[in-house]
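Derivation of every value follows stated rules applied to the coordinates shown; laboratory data play no part. Fair warning: this is a prediction, and the values are worked out from it, not measured in the lab. In this analysis, Cβ positions are derived from the backbone assuming ideal geometry, glycine residues included, and neighbour counts consider all displayed protein chains.
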Number of protein chains: 2
Amino acid sequence: MKRNTWQRESVRDSLAGIGGFISAQALHAALRAGGSPIGLATVYRTLADLAAIGEADSLQSPDGEALYRACSSGEHHHHLICRHCGRTVEIGAAEVESWAQRVAAENGFVDAAHVVDIFGWCAQCADEASGVEDASSARRAPGAADATGAV
Amino acid sequence: MKRNTWQRESVRDSLAGIGGFISAQALHAALRAGGSPIGLATVYRTLADLAAIGEADSLQSPDGEALYRACSSGEHHHHLICRHCGRTVEIGAAEVESWAQRVAAENGFVDAAHVVDIFGWCAQCADEASGVEDASSARRAPGAADATGAV
DNA sequence: AGGTTATTGATAATGATTGTCAAATAGAGC
DNA sequence: GCTCTATTTGACAATCATTATCAATAACCT
């Protein structure tokens, strides 16, 4: 059975307090900075638990760190991430959910999890970059996105 | 200036030959298995370069590995990947393409690339595991996949 | 061909994450 | 309130992918 420990509460609370995404390492550091003697392994375990029961979201940052965020809504959603400034927009995607489940089932796959994220340049970064990135933006024109960067 | 070495060609070629996503480690192992004495660090560097100039896609697998794929084929598709045996099924997803473009546009994002992959257990691996993984598979029933692994 | 300099590769270093296991403790039952 | 026991914790070791180091090599310009 699951026990309620102050450590678990502590992780849950501070994750909710952060609001956005944070790495396990950073959350541990924040807790320690706040005077808590919580252990690093416990933070990892708790975050993994929270993610497993749906109380937290997790995603892999581009440099391979796992990031977590309190998932107040309980809603499952995906992210639209600016690959320049890191701004993140949450997007719901009922159509994608059902598509993923259907495709997995059609191919005999079970316990399907999907990775669905969209990376792009947010309006602001695109504006700022347009003056200096001519060659690059020509190569990666919007129309070519599917062929080049899309996965 | 960029120099053309057989190592670079080798990585480029075998990545294209693979067709799907592969980790740097796995690609290195494949090259070595094919008789090439290429170094691991070189594979990492070359893949990072290819990704930087747009000749390769990269994505983070759920367990934190970086996966790469050649993106010159012109054909854009996604993957259904068995997280146990690695079997990969290519899946087309016209509906997801248009969804991704629409969502990005609605939020002012340009040059949008999407990461859409489904990880699961293929029928065969699920069968083999069912005898020993009862508790686990009950905990991670198909219906719970969205809450647990999806991002 | 010769010289410059980017590239390579063996290995060490890094950094995140997970495994280990004895000690602490939450919660059930008395 | 007190005991008991299974769960949880935490310090530390182990693991794994990735990156840095740096001497040796090899591409490319002239």
Which order results if A:Thr88, A:Thr5 are arranged by neighbouring Cβ count within 10 Å, fewest first? A:Thr5, A:Thr88
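Quick one: order A:Tyr44, A:Tyr68 by neighbouring beta-carbon count within 10 Å, fewest to most. Could the numbers behind the result be given before it?
Working: A:Tyr44 17, A:Tyr68 27.
So the residues, fewest neighbours to most, are A:Tyr44, A:Tyr68.
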For the stretch B:1-72, the fraction of alpha-carbon pairs in successive 10 Å shells from zero, as %: 21, 59, 19, 1
Please list the non-local residues whose amide H lies under 5 Å from the amide H of B:Phe119, H modeled 1.01 Å from N, same-chain partners needing a gap of 5 or more. A:Ala113, A:His114, A:Val115, B:Ile81
